[in-house]
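Peer 1: One structure coming up, written as structure tokens, with questions to follow.
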Amino acid sequence: MSISTHTQVDTSAPVMSRKPVLPVINKDRWILGLVVTTVALYLIISLLLPLLSMLARSVQDSDGAFVGLSYFYEYLGNPALSQSIGNTLKTGTIVTTIVVSIAFLFSYGLTRTRMPFKPVFKVLGMLPILAPSLLPAISMI
């Protein structure tokens, strides 16, 4: 008794074509699309248009005449600016390194150790998240 591993495919059977299934746009999807479009338009109007207006004014002088990018060249050519950018990047790198290291040690201690007073430290870690909502409540008192 031999077992055949080959299967014959019947190629004489007619292939049935199906019409593509179109997504049904019901009322909820239409309302969701309208809300998303409204929010996108609001963001464009309230954020993008003022930025474009400021950009247009940045290439004009005080009389409104077009001066191009000369103000940008003058500003970026200032040696004090390049020094302040270097100082800012150096300070940002140092602060980021210190904060990430301390945050890693804090989170490692909370999740991987059996340190005493762990619930107290969890609450202390969440205080910055809770503080913005607590300040108005405290000020009302």
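Peer 1: Just the projected area, averaged over all directions, of the convex hull on the alpha carbon atoms of the stretch 9-122: how many nm²? Display every interim value, and only then the final one.
Peer 2: Numbers: hull surface 88.7 nm².
About 22.2 nm², averaged over all directions.
Peer 1: Largest first, what is the accessible-area ranking of Ser107, Ser58 with a 1.4 Å probe? Walk me through the intermediate numbers first.
Peer 2: Details: Ser107 55, Ser58 30 Å².
The ordering from most to least exposed comes out as Ser107, Ser58.
Peer 1: Shape call for the stretch 14-62 from the C-alpha gyration tensor, a ≥ b ≥ c root eigenvalues: rounded (a/c under 1.5), prolate (a/b greater than b/c) or oblate? Intermediate values should be presented prior to the final figure.
Peer 2: Working: a/c = 12.09, a/b = 2.78, b/c = 4.35.
Taking the square roots of the gyration eigenvalues as a ≥ b ≥ c, the stretch 14-62 is oblate.
Peer 1: Assign one of three labels to the stretch 60-134, namely rounded, prolate or oblate, based on the Cα gyration tensor with a ≥ b ≥ c the square roots of its eigenvalues; rounded applies when a/c is under 1.5, prolate when it is not and a/b is larger than b/c, and oblate otherwise. Write down the numbers at each step before the final one.
Peer 2: Numbers: a/c = 6.19, a/b = 2.64, b/c = 2.34.
Since a/c reaches 1.5 and a/b is larger than b/c, the shape of the stretch 60-134 is classed as prolate.
Peer 1: For the chain, which DSSP H helices look membrane-span-like by this rule: Cα extent along the axis of 20 Å or more and mean Kyte-Doolittle of at least 1.0?
Peer 2: Numbers: long enough: 27-43 (24 Å, 1.07); 79-112 (49 Å, 0.83); 118-140 (32 Å, 1.32).
Those that pass (Cα extent of 20 Å or more, hydropathy at least 1.0) are 27-43, 118-140.
Peer 1: With every protein chain kept in the model, how would you rank Leu110, Leu48, Leu32 by accessible area, 1.4 Å probe, largest at the top? If you can, show how the numbers build up before the last one.
Peer 2: Details: Leu110 25, Leu48 85, Leu32 105 Å².
The most accessible residue leads, giving Leu32, Leu48, Leu110.
Peer 1: If you roll a 1.4 Å probe over the heavy atoms of the protein chains, what accessible area per residue do you get for the chain, in Å²? Before the final figure, lay out the partial values.
Peer 2: Working: 13530 Å² over 141 residues.
With the other protein chains kept in place, the chain gives 96 Å² per residue.
Peer 1: Please get the size of the charge dipole for the chain, origin at its Cα centre, with Cβ charges of +1 on Lys and Arg and -1 on Asp and Glu, quoted in debye to the nearest 20. Let's see the in-between values first.
Peer 2: Values: 10 positive and 5 negative charges, 171 e Å.
Once rounded to the nearest 20, the dipole reads 820 debye.
Peer 1: Continuing with this model, one more query. So, taking all protein chains as they sit and a 1.4 Å probe, how much accessible area belongs to Leu55, in Å² rounded to tens?
Peer 2: 100 Å²
The values are calculated or read from the model by the stated rules, or taken from the named source; none is laboratory data. Everything quoted here is computed from the prediction, not taken from an experiment. Backbone-built Cβ (ideal geometry, glycine too); neighbour counts: all protein chains shown. Only protein heavy atoms, including side chains, enter the accessible area calculation; ligands, DNA and RNA are left aside. Shrake-Rupley method; radii C 1.70, N 1.55, O 1.52, S 1.80 Å.
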